1. Can you give me the distance in nm between label points at Ser64 and Glu210, each placed 7 Å from the Cα along the Cα-to-Cβ direction?
2. Could you pull out which residues in the range 119-134 have an amide N less than 19 Å from a spot 7 Å beyond the Cα of Glu152, following the Cα-Cβ vector?
3. Helix 319-336 versus the longest principal axis of the chain: what is the Cα-based angle in degrees, 0 to 90, to the nearest 10?
4. Relative to the present Cα-Cα distance, how much length would full extension add between Lys120 and Met186 at 0.36 nm per residue of separation?
5. What residues qualify as long-range amide H neighbours of Lys172, i.e. H under 5 Å apart, gap of 5 or more or another chain, H built at 1.01 Å from N?
6. Starting at the first residue of the range 278-288, write each ³J(HN,Hα) from the Karplus equation 6.51 cos²θ - 1.76 cosθ + 1.60 with θ = phi - 60°, in whole Hz, x for Gly and Pro.
7. Give the cross-link partners of Lys316 among the aspartates and glutamates, using a straight C-alpha distance below 19 Å as the criterion and excluding same-chain residues fewer than 8 apart.
8. Just the number, please: percent antiparallel of the DSSP beta bridges in the range 10-146, rounded to the nearest 5.
Amino acid sequence: MFRGVSRPSASLYTRLCSMYVNQTRYVFELKENDDVCRRALQLGSFYLFHNLSPFLRKSGRIYSAPAVSTSELQRILKECGRGEQKMEDSVLIGCTDSCVAEFALDLGPLERPSLEAELKGTFTDLRKAFLQLRGEDAPLLSRAQALLRWHEAHQYCSKTGKPTQKNVSGSKRVCSANGMIYYPQMSPVVITLVSHRNRCLLARQENFPEGMYTALAGFCDIGETLEETVRREVAEEVGLEIQSLRYSGSQHWPFPNSSLMIACQATVQQDELNVNTHELEAARWFSLEEVEEALQRDRLPSKREDGTLPLWVPPKWAIAHHLIQEWVQEQKSTSEL
């Protein structure tokens, strides 16, 4: 997704590729073979949730997501009167570089305060904590919550009404009556940074943290291409017609359910905005200088003397940040020619 990273040496590149292939093949085997996955549960690590809220610890302004070992989880379940069978309610979310399987488990039926006291942390709403998560934890928790939510919502077959059962890894659910297989899905969403000459367009919704602006985003309608979605969303939200469009990157996003954010850069010929207040609280053009300054902030800025907040944008691991950073770099490169 991100560009501008220097290429490793040939030998290092080969080792990294080999590691990636080994991890990918191992995860595939865990998904397809219940016996292998069941054995991996006995040696794995677990990220815990309570009613879809992840277990987090906070240091200063940053949240981290600690994992617990199988033995620690078994002890907790035993103390809470739950057997090891509860472990099979977990879902596979990946594996470490050393091929230790990683799982997510929702402990919703268990008493939350006692769990938090035992684990020395809190179960925190992911939407509230997401912008303050460590970069390496955000994709993991995003995938974990999305899978747990999908399983919670698909316990019955939409055709027969009969219960579905998940396989051990949680990579699918199967109808008990007709064998129909259901796989986790996510919805495509376009996120587009619109620019006009040396300014870019950023917008905010009412539920955003104060002062935060980001790129325009919207779900793809059935039957639309990505290009059609971008054109429609820009017209709907700010009353502009795009002139050019190009793909930039993609990222999984856990809100509102599970989305694939498809990032694009777009330009427009006109700059007069007609903001759709049913969709947005505000939208405005920002100069290169304003955006550069916002990118340098790594935390929520302090209010100005007049009580307003300077512009701040999503964190570095968010695709919106990448789009904005990419635009800034291109503007600076153009000005140097």
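1. That separation, rounded to one decimal, is 3.1 nm.
2. 122-131, by backbone N distance to the label point.
3. 30
4. 20.5 nm is the gain from fully extending Lys120 to Met186.
5. Asn167
6. 6, 9, 10, 7, 7, 8, 7, 7, 10, 6, 4
7. Candidates past the 8-residue exclusion: Glu136, Asp137, Glu210, Glu289, Glu290, Glu292, Glu293, Asp298, Glu326, Glu330.
8. 70
Laboratory data are not the source of any read-out in this text; all were calculated from the coordinates shown. Just so we're clear, the structure is a prediction, and the values are computed from it rather than from any experiment. Please note: Cβ atoms are built from the backbone with ideal geometry, for glycine as well, and neighbour counts cover all protein chains shown.
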